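Novice: Before I ask anything, here is the structure I am working with.
The values are calculated or read from the model by the stated rules, or taken from the named source; none is laboratory data. Only a predicted model underlies this, so the values are computations on that prediction, with no experimental measurement involved. Here the Cβ is made from the backbone with ideal geometry for all residues, glycine too, and neighbour counts use every protein chain on show.
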Amino acid sequence: MWNTVRRTWRRTGCDLPFGDPLPSHGAHMEGYLWRFTDPPRRRVLVVACGVNRHADGPWGTVVLAAEPGGTVVSATDDHAWSHPDRHQVRAGRTLRYEDGRLTADLGRKASLDVRLAATRAWPRRALHGSGVFSLVPGLNHYWHPYLFDARVTGWARVGADVWDLSGCHVYAEKSWGRGFPTAWWWGQAHGFDREDVCVAFAGGHLALGPFETAVNGVVVRLGSRVLRLVPPLAVVHGASDGTGWHLRARDARYRVRVEGRGDGARPLLLPVPVPRERRHARSRQHLTARIRLTVSRGGHLLYRGESALAGLETGGVPTSAAKR
């Protein structure tokens, strides 16, 4: 009985306090992303999988993107599935994640086989990365960054090159809902002068029925701390025009500022599923952009640093003029 109630509630998109957002909600889109950063070699690799629902049946989107080289390889699979009770994802023979092992096979162009053992994950809290929005049913989009680093063993093949991914920093997140917002901006970075620093932020047009407004949130891993600044408990302003990304956040204790730029490089075009139309739109993402992060508490500086290996993305309608 309880399991039926829980699943019914989760199909609205939201989670109960202390719930696990990683299993499938049964939403139109369940999106999974893993990002590997190798600072010594200045390499970044992204693997993404969308498990999508359509009237004709489920379908999946798998993407592998890498820099240097500007590689983008994608595939559509008609046998996509994510488990309703545990963190398990499949897209036919193209991608599989289970028990810390991630494999992908996109033919001759790209493949991957890695094992992940979390070293810094989302702490046990009542609410996940979307904050109080995780309790609101029927929103168009939810976001949860759940992995800030892990021990990585394995490899990726990018074209004719084989990359040893052992020792990379890894970040992972999940997003779900009716699909991507009509406009969004996103960023994530490792590769700072401290290995125990990681930042992820997201903003977009959050909708509930006919009502729509721009909402931003940021999560920072700083040593043993994991900071989440999300409205209404924090004031967060963010925007991007596709060349610069700007975010300022403050709550009762912390201040976070993020400034990012693409440095004039041409972004990669990544396929983004439009679930109910069974087609793809495109986002624009820099895999090795520059980002500056500043974190303070009570007027005292906790950290200031830069990374030149940041992921910065925009999608949908340009957002620079939108109110935050």
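Novice: Looking only at the range 189-211, how many residues end up being surrounded by 22 or more Cβ atoms within 10 Å (Cβ to Cβ), among the hydrophobic types (A, V, I, L, M, F, W, C) and modelled with pLDDT under 95?
Specialist: 1
Novice: Still on this structure, please answer the following. Kindly check whether there is at least one residue in the range 164-173 that is in contact with a Lys or Arg (Cβ under 8 Å, 6 or more places away or on another chain) and either of a type in the set (Asp, Glu) or surrounded by fewer than 21 Cβ atoms within 10 Å (Cβ to Cβ) (or both).
Specialist: The answer is no, given that none of the residues of the range 164-173 is in contact with a Lys or Arg (Cβ under 8 Å, 6 or more places away or on another chain) and either of a type in the set (Asp, Glu) or surrounded by fewer than 21 Cβ atoms within 10 Å (Cβ to Cβ) (or both).
Novice: Moving on. Taking strands (runs of 3 or more DSSP E) that do not extend beyond the range 12-106, which have at least 2 residues that are touching a residue at least 60 places away in the same chain (Cβ under 8 Å) and of a type in the set (Asp, Glu)? Can you show your working first?
Specialist: Values: elements: 29-38, 43-52, 59-67, 71-77, 80-82, 88-91, 95-98, 101-105.
Here the list reads 29-38.
Novice: Same structure, new question: The conditions are (1) within 21 Å of HIS87 (Cα to Cα); (2) buried (at least 24 other Cβ atoms within 10 Å of the Cβ), and TYR146 fails exactly one of them. Which is it?
Specialist: (2)
Novice: Would you pick out the residues in the range 212-232 that are over 18 Å from THR182 (Cβ atoms) and surrounded by fewer than 22 Cβ atoms within 10 Å (Cβ to Cβ)?
Specialist: Here is the first cut: in the range 212-232, the ones over 18 Å from THR182 (Cβ atoms) are 218-232.
Answer for the range 212-232, where residues must be over 18 Å from THR182 (Cβ atoms) and surrounded by fewer than 22 Cβ atoms within 10 Å (Cβ to Cβ): LEU222, GLY223, SER224, ARG225, VAL226, LEU227, PRO231, PRO232.
Novice: Being more than 17 Å from the chain's Cα centre (by Cα) and among the β-branched types (Val, Ile, Thr) narrows it down to one of VAL218, VAL230, VAL236, so name that one.
Specialist: Working: VAL218 fails: more than 17 Å from the chain's Cα centre (by Cα); VAL230 fails: more than 17 Å from the chain's Cα centre (by Cα).
Criteria check complete, one pass: VAL236.
One line per residue, one yes/no per condition, for (1) of a type outside the set (Val, Ile, Thr); (2) under 17 Å from the mean Cα position of the chain (by Cα); (3) at pLDDT below 95:
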| site | (1), (2), (3) |
| --- | --- |
| GLN285 | yes, yes, no |
| LEU293 | yes, no, no |
| SER296 | yes, no, no |
| GLY299 | yes, no, yes |
| TYR303 | yes, no, no |
| LEU309 | yes, yes, no |
| LEU312 | yes, yes, no |
| GLY316 | yes, yes, yes |
| ALA321 | yes, no, yes |
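Novice: Given the condition modelled with pLDDT of 95 or more and at positive phi, answer yes or no: does some residue in the range 41-50 qualify?
Specialist: Yes - at least one qualifying residue is present in the range 41-50.
Novice: Moving on to the next point. From the list ALA239, ALA265, ALA281, ALA249, which one is crowded, with 16+ Cβ neighbours inside 10 Å, at pLDDT below 95 and either out of contact with any Asp or Glu (no Cβ under 9 Å at 6 or more places or on another chain) or in a strand (DSSP E or B) (or both)? Write out each step before concluding.
Specialist: On the way: ALA265 fails: crowded, with 16+ Cβ neighbours inside 10 Å; ALA281 fails: crowded, with 16+ Cβ neighbours inside 10 Å; ALA249 fails: at pLDDT below 95.
Step by step, each of ALA239, ALA265, ALA281, ALA249 is checked, and only ALA239 is crowded, with 16+ Cβ neighbours inside 10 Å, at pLDDT below 95 and either out of contact with any Asp or Glu (no Cβ under 9 Å at 6 or more places or on another chain) or in a strand (DSSP E or B) (or both).
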